[in-house]
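The values are calculated or read from the model by the stated rules, or taken from the named source; none is laboratory data. These numbers come from a predicted model, not from an experiment. Every residue, glycine as well, gets a Cβ built from its backbone with ideal geometry; the counts of neighbours run over all protein chains shown. These area figures cover heavy atoms from the full protein model, side chains too; ligands, DNA and RNA do not enter into them. Shrake-Rupley method; radii C 1.70, N 1.55, O 1.52, S 1.80 Å.
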Amino acid sequence: MGKLFIAADMEGCAGVSAPQALMPDRWAWEWSAARRWMTEEVLAVAAAAFDAQYTEVIVGDGHGNAHNIDPDRLPDNVRLVRSWPRPLLHMEGVDESDINACAFVGYHASSTTSSSILAHSYSGAAFRWIRLNGELCSEGYLNAALAGEFGKPVVLVSGDARTVEDAQRYAPQAIHFVAKKSIGWRSQVSLPPAQVRRLLQEAATEAFSRPKPPPFVLQGPFHLELEMTSQGAAEMLAYLPNTRRISAFGISQSFDTLASLVRFVAFAMFYSPTGVPAL
Ligand SMILES: [Zn+2]
């Protein structure tokens, strides 16, 4: 059956709601619970994968400092990708040849989606929005396209209802699991995390039992537009070869592959002259 790749985030997990809960240095008491909820949603999908005869699961911790999923809770044959920077960001490892499907867990909507819990695009600190060939990108959209470049389909998307609506653009035949509903940008309503995990495991079981949908394949060349939050960042990025300043906050560049485009996004998000990621 091969391997499953899980790209995991925290904002779309049931129960997670306040920005202060997203990092351990603020509401540590609430983050401790949020990391447990995130870990357990990943465990539910991994359990369904092993029941479906997947031999290995690779999980990318794609949230905050990328040290949220508790490695001590993982069963055998789950490999965990942690920390930043990583050239393929949330999808680091998806290029392994025997991965045959991807699942997005805990996903959230893009920075330009209104009334969606904790919506942002990769880094709210770095980017106002991201466009790929003119299309506004959510993390799901760009990550699914990157997986598609390697021939891997997305078979399951879990997050808040707005995120799952967005999955129609990039994984229309995947199982779409609504883990919670957004009331607004900073409020949500959900069933208890333990109940949501059981339902998520059922949804994942269904996703893994179906015939594989086609991967989401976009045709290049790939034109990236980044709207930075800082004019200074836009100015400096435009020093790089082939990078154009398109507005006070905006830069653009074209790429032959999405893998190289995502590396550029990673650079724009994490570069620091001290070599220490800004997170
Ligand atoms: Zn996140």
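Per-structure values
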read-out: Top-ranked residue of region 216-229 - restricted to ones that are open to solvent by less than 50 Å² (accessible area, probe 1.4 Å) and in a loop (DSSP other than H, G, I, E, B), ranked as farthest from residue 175 (Cα to Cα); value: 220
read-out: Subset of region 159-175 [open to solvent by 20 Å² or more (accessible area, probe 1.4 Å), out of contact with any Pro (no Cβ under 7 Å at 6 or more places or on another chain) and outside any strand (DSSP E or B)]; value: 161, 162, 165, 166, 168, 169, 172
read-out: Residue within region 201-217 that is touching a Lys or Arg at 6+ places or on another chain (Cβ under 8 Å) and among the small types (Gly, Ala, Ser) present; value: no
read-out: Among the candidates 126, 145, 103, residue that is open to solvent by less than 20 Å² (accessible area, probe 1.4 Å), of a type in the set (A, V, I, L, M) and under 22 Å from residue 220 (Cα atoms); value: 145
read-out: Pairs where the first residue, in region 236-255, is on the phi < 0 side of the Ramachandran plot and the second is in a loop (DSSP other than H, G, I, E, B) and of a type in the set (A, V, I, L, M, F, W, C), C-beta under 7 Å, 6+ apart; value: 244/238; 245/238; 251/238; 252/246
read-out: Output for region 8-20, where each listed residue is under 13 Å from residue 64 (Cα atoms) and away from the ligand (no atom under 11 Å from the Cβ); value: 20
read-out: The lone exception for residue 203 - which of (1) part of a loop (DSSP other than H, G, I, E, B); (2) within 20 Å of the chain's Cα centre (by Cα) it fails; value: (1)
read-out: Single match in 51, 61 (criterion: away from the ligand (no atom under 16 Å from the Cβ) and either open to solvent by 60 Å² or more (accessible area, probe 1.4 Å) or at pLDDT 95 or above (or both)); value: 51
read-out: Odd one out for residue 10 among (1) in contact (Cβ under 8 Å) with a residue 12 or more places away in the chain; (2) open to solvent by 10 Å² or more (accessible area, probe 1.4 Å); (3) not hydroxyl-bearing (Ser, Thr, Tyr); value: (2)
read-out: Some residue of region 176-188 being in contact (Cβ under 8 Å) with a residue 12 or more places away in the chain and either part of a loop (DSSP other than H, G, I, E, B) or closer than 25 Å to residue 266 by Cα (or both); value: yes
read-out: Region 129-142, subset without any contact (Cβ under 8 Å) to a residue 60 or more places away in the chain and more than 16 Å from the ligand (Cβ to nearest atom), residue surrounded by the most Cβ atoms within 10 Å (Cβ to Cβ); value: 136
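Let's see how each residue does on (1) under 21 Å from residue 48 (Cα atoms); (2) in contact (Cβ under 8 Å) with a residue 60 or more places away in the chain; (3) more than 12 Å from the ligand (Cβ to nearest atom):
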| position | (1), (2), (3) |
| --- | --- |
| 72 | yes, no, yes |
| 77 | yes, no, yes |
| 80 | yes, no, yes |
| 86 | no, yes, yes |
| 95 | no, yes, yes |
| 106 | yes, yes, no |
| 113 | no, no, yes |
